[in-house]
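What follows is a single structure, written as structure tokens, with notes after it.
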Amino acid sequence: MLPSIPLLAAIVSQPFKRSQQGLFHGKTRLSGNSIPFSKGKTKRSWLPNVHTKRLFSDALGEKIKLKVTSKALKTVKKFGGLDGYLLHTKSDKLGWEGMRLRLRVEKKLEEKRREAVAVSTSAAPMPSAS
């Protein structure tokens, strides 16, 4: 299941390209004015609260080093881990890195399902022809 072309185009057209390098959960750069007591406005920008973290994936069985925002970390905790977050979050919130990880997790889970089915069918007793 690959992302559709319009979805990829929407992700690429986002102005905050740094958010494609990690799990930012839709957070982008904000801009506005800094207004001191003297009322002189100065343009400034606010960046997302980004941390480099190693998050464990149950499906992949490894820790993955990612740049994540505090909002994304809270949402990962809410979904019960990285795999739940990747599988249940909308595509537009994930970005490139999130979609790449989602595809890896889905592929690994599908392999595990096929392996479980193969083991269960081979372990099932053969009916006797009496």
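Laboratory data are not the source of any read-out in this text; all were calculated from the coordinates shown. As the structure is a computational prediction, the values presented were derived from the model and not from experiment. As a convention, Cβ positions derive from the backbone with ideal geometry for all residues, glycine included, and neighbour counts pool all protein chains shown.
Summary of computed values
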read-out: Ranked by how many other beta carbons lie within 10 Å on average, peptides 112-121, 97-106 from highest; value: 97-106, 112-121
read-out: Packing-based ranking, highest mean first, of 57-65, 23-31 given that Cβ atoms within 10 Å are counted; value: 23-31, 57-65
read-out: Sequence of 96, 46 once ranked by neighbouring C-beta atoms within 10 Å, starting from the fewest; value: 46, 96
read-out: Backbone HN-Hα couplings from phi across the stretch 40-45 [Karplus 6.51/-1.76/1.60, Hz, Gly and Pro as x]; value: x, 7, 10, 5, 8, 10
read-out: Restraint check, 63/93; 77/107; 41/71; 63/112; 39/71, Cα-Cα greater than 26 Å; value: 41/71; 39/71
read-out: ³J(HN,Hα) computed for each position of the stretch 82-91 - Karplus, 6.51 cos²θ - 1.76 cosθ + 1.60, integer Hz, glycine/proline x; value: 5, 5, x, 4, 5, 7, 10, 8, 5, 4
read-out: Whole-Å semi-axes of the stretch 15-121's equivalent ellipsoid (Cα gyration tensor); value: 39, 12, 10
read-out: Lys, Arg +1 and Asp, Glu -1 on Cβ, resulting dipole of the stretch 15-121 about Cα centre, debye, nearest 20; value: 760
read-out: Rounded to the nearest 20 debye, dipole of the stretch 75-123 from Cβ charges on Lys, Arg, Asp, Glu; value: 140
